[in-house]
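Chemist: Quick one: the structure is below, questions incoming.
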Amino acid sequence: MEERRIGRRPYERHGWPPAEEPEEPEEPEEPEEPEEPEENGGLVPDPAALPPSARVYGTPEVPARAVVPARLRRVLAYAGAVAVAAALVAAAVGFAAARLSDPGPPGTVADPVAGVGYPLPPGWRRAEVPPVTGFTSAVTLDGQAIVLARPAGAGEGPASRDAALRLADLYARLLLHGDTVTVADDRAVRAAGFTGHSRALVATYTDVVNRPAYLRVTLLSRAGREVVLVGMAQPGDASRRAAVDAVLGAVR
């Protein structure tokens, strides 16, 4: 009988419990890298989300915050303080002017700045704000006649004829704009302690729209102070001329 050798299987354990397979050692976990904080609060975009032009010109940068220099801050603070102080001074001056402006008796106008008073005849009205710069009071008649007063400026005194003529020529150029201007009256005046000179002019126009205009300029002096009075009427008919001259002649 032939004997055949059969290869023997490796030794194995066939008992119970079955042999446990050796566990493979676990690989240590790699520590997570901390997330980088987003720059500028997440305002910088992801480079992958940018258009191709960003690869050439670079990613856009967030502009730096504007920093006001300390010197400029001090200047701005000083300017603000000056503005507030100026507003307070203006308010105080306005309050004082309102308190010092004596309206005078009924039917009269008192101008303490110019140092004069003059009547307010029936039909005349006092202007809240004089329509010509520099004047401190004014009265009007039906929008066709006006009388204004102001203190004389530097170089306008004393109340001589030459000074009055210069003022008359100045206001004729500013107010009349006539094609022809003639002298209607030129005389010295003396009343209520005032001395001075007065000149009246009449302007005519070549067009058919404008009617003749009347202008009287008076420069007075009293107690070392001068005052300028200007009266104007258009149309400058006889009645309105007389109304203007009556107000100017009653200055006190």
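Chemist: Report the rotationally averaged projected area of segment 108-249 based on its alpha-carbon convex hull, in square nanometres.
Modeler: Computing the convex hull of the Cα atoms and averaging its projections yields 8.1 nm².
Chemist: Using the alpha-carbon centroid of each, what span in Å lies between segment 196-252 and segment 148-181?
Modeler: Their Cα centres are 11 Å away from one another.
Chemist: Which whole-Hz couplings ³J(HN,Hα) result when phi for each residue of segment 186-192 is put into the Karplus expression 6.51 cos²θ - 1.76 cosθ + 1.60, θ = phi - 60°, listed in order with x for Gly and Pro?
Modeler: 8, 7, 7, 10, 8, 6, 6
Chemist: Right, here's the next one. For labels at Thr180 and Thr204 in the simple 7 Å Cα→Cβ model, what's the distance in nm?
Modeler: 0.4
Chemist: If you take the alpha carbon radius of gyration of segment 185-252 and divide it by 2.2 N^0.38 Å, what ratio comes out, to two decimals?
Modeler: On the way: Rg = 13.5 Å, N = 68, 2.2 N^0.38 = 10.9 Å.
Dividing the Cα Rg of segment 185-252 by 2.2 N^0.38 Å gives 1.24.
Chemist: Please list, in order along segment 117-130, the HN-Hα scalar couplings obtained from phi with the Karplus expression 6.51 cos²θ - 1.76 cosθ + 1.60 (θ = phi - 60°), rounded to whole Hz, x for Gly and Pro.
Modeler: x, 8, x, 10, x, x, x, 8, 9, 7, 7, 5, 10, x
Chemist: Can you list the residues, at least 5 places off or on another chain, whose amide H is less than 5 Å from the amide H of Gly236, using H built in the peptide plane?
Modeler: The list, which skips near neighbours in sequence, is Ala213, Tyr214.
Chemist: Enumerate the calculated ³J(HN,Hα) couplings along segment 205-213 in order (Karplus 6.51 cos²θ - 1.76 cosθ + 1.60, θ = phi - 60°), each rounded to whole Hz, writing x wherever the residue is Gly or Pro.
Modeler: 10, 7, 6, 9, 8, 7, 8, x, 10
Chemist: OK, next. What distance in nm separates the two pseudo spin-label positions at Arg161 and Arg187, each 7 Å out from Cα along the beta-carbon direction?
Modeler: Result: 1.4 nm between the two label points.
Every number here is computed from the coordinates shown, using simple stated rules; none is lab data. What you see is a predicted model; the values in this text were computed from it and never measured. Quick reminder, even Gly has a Cβ in these numbers, built from the backbone with ideal geometry, and neighbours come from all protein chains shown.
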